[in-house]
Structure formats: C-alpha cells, structure tokens
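Below you'll find the structure, written out as structure tokens, and then a few comments.
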Amino acid sequence: MSDLTHTRSVPPAARGGVEVRLPWWAVALPAIAFVVLLLLIAGPGEAHAATGDPAVAELLERIQQTLSD
C-alpha cells in the first residue's frame, strides 16, 4: 500500500517575480553603524585636518552636538 505524498504549493513570488522582505533590524543596524562610525570620525578630541572646507566641518560639528544633547 503506498502512502500519499503531500506537495507544498509554490508561492506566487517564487514562480515569476522577485519579492524580498527584510526584517526591520536588517535596515536599522547598518544605519546605526554608519552613524556611530561617522561620530567616531568627527570626534571633538581628535586632530582636525589642516585643510578642508570649513562648512563641512561646521556641519559635522552641529550634527554631533545635536546627537550628543
């Protein structure tokens, strides 16, 4: 006597299109890591470059002040 085998139906996305669903942390963790590294680079106790655009330095300083308050 043979047993019946159960076949699983293939979802529509796997048949024709591509559907990618990421969990919330897969987007949040790289964003947090980027911000942390940016803050480490723009730390106030570090040496500043001798040349550069003062507007960029001021922007980074304001971002750091905003995040540290």
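The values are calculated or read from the model by the stated rules, or taken from the named source; none is laboratory data. If you're wondering where the values come from, they're calculated on a predicted model, not measured in any experiment. Counting neighbours? That spans all protein chains shown, and the Cβs are built from the backbone with ideal geometry, glycine included.
Among the candidates 62, 15, single out the residue that is exposed (fewer than 10 other Cβ atoms within 10 Å of the Cβ) and either modelled with pLDDT under 80 or not hydrophobic (A, V, I, L, M, F, W, C) (or both).
Exactly one of 62, 15 is exposed (fewer than 10 other Cβ atoms within 10 Å of the Cβ) and either modelled with pLDDT under 80 or not hydrophobic (A, V, I, L, M, F, W, C) (or both), namely 15.
So, of the residues in region 42-59 that are of a type in the set (A, V, I, L, M, F, W, C) and part of a helix (DSSP H, G or I), which turns out to be modelled with the highest pLDDT?
It comes out as 59.
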